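First up is the structure itself, then whatever we jot down about it.
The values are calculated or read from the model by the stated rules, or taken from the named source; none is laboratory data. Fair warning: this is a prediction, and the values are worked out from it, not measured in the lab. FYI the Cβ positions are ideal-geometry reconstructions off the backbone, even for glycines, and counts take in every protein chain you see. For accessibility, only protein heavy atoms count, side chains too; no ligands or nucleic acids. Shrake-Rupley method; radii C 1.70, N 1.55, O 1.52, S 1.80 Å.
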Amino acid sequence: MRFRGSTNLSIDAKGRVAMPKHHRERLLAHYTGGLVVTYQAPCLLIYPEPEWEEIEDKVNALANSHPDARMMQRTLIGLSDSVELDSTGRILLPAMLRKKAGIDRKVVLIGQGKKFELWDEGCWERTIDEWEQKTSERDPSDLPEEMLNISL
C-alpha cells in the first residue's frame with residue numbers, strides 16, 4: 001500500500017480534516033481506520049496504525065543512552081497520538097500537534113509511500129520554492145550516489 005499525491009484541504013473549527021476519498025477508501029480497505037499522528041518539523045506525519053507500529057518499534061530499539069536517540073524517542077513517540085477516521089472520513093488533529101506544526105486552517109496533505117505528511121499550506125509553498133531554488137543551483141556531483149541512479 002503506497003500513498004502518493006498532494007491535496008489542498010481545510011481544517012474545520014474543531015480541528016478536523018477530511019481525508020480525501022481515494023485515500024480514505026484505501027485506508028479502510030487495507031487498515032482498520034486507526035491512524036497515528038506525530039510531529040516531525042516542520043509538519044505532521046500521519047501513519048496507518050500498523051505502519052506506525054513498525055516505526056515505533058525501531059525508534060524504541062535505539063539505545064536511549066545516546067542523546068540524539070533519546071530526543072527522537074521523546075519527539076516521535078512522545079508527541080504521537082492515536083486518531084480514528086470518523087463516519088464521514090475526518091480525523092481530529094490534536095491541538096498541541098496543530099500548534100507545533102503551525103497548522104491553522106489551510107493545509108496540504110502529501111502522500112509519502114506508507115505515510116502522509118500534513119503541512120501548513122504557506123509553509124509547504126515556501127519550502128517547495130526553497131527546494132526548487134536549491135535544486136537549480138546544486139552541482140549534480142554533490143548528490144548521493146543512490147539519487148544519481150534514479151532516471152526519471
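If you go through segment 43-88 one residue at a time, how many are closer than 16 Å to residue 16 by Cα, open to solvent by 50 Å² or more (accessible area, probe 1.4 Å) and in a loop (DSSP other than H, G, I, E, B)? Residues in segment 43-88 being closer than 16 Å to residue 16 by Cα, open to solvent by 50 Å² or more (accessible area, probe 1.4 Å) and in a loop (DSSP other than H, G, I, E, B): 3 in total.
Take the residues in segment 11-57 that are small (Gly, Ala, Ser) and closer than 30 Å to residue 71 by Cα; name whichever of them is modelled with the lowest pLDDT. Break it down into steps so the answer makes sense when it comes.
The initial filter retains those residues of segment 11-57 that are small (Gly, Ala, Ser), namely 13, 15, 18, 29, 33-34, 41.
Remaining after also requiring closer than 30 Å to residue 71 by Cα: 15, 33-34, 41.
Numbers: 15: 97, 33: 75, 34: 93, 41: 94.
Ranking the qualifying residues of segment 11-57, first place goes to 33.
Among the candidates 118, 97, single out the residue that is in a helix (DSSP H, G or I), closer than 24 Å to residue 49 by Cβ, touching a residue at least 40 places away in the same chain (Cβ under 8 Å) and under 14 Å from the mean Cα position of the chain (by Cα).
Values: 118 fails: in a helix (DSSP H, G or I).
It is 97.
Which is surrounded by 10 or more Cβ atoms within 10 Å (Cβ to Cβ) and aliphatic (A, V, I, L, M), of 150, 91? Step through it out loud before you land on a result.
Numbers: 150 fails: surrounded by 10 or more Cβ atoms within 10 Å (Cβ to Cβ).
Exactly one residue qualifies, and that residue is 91.
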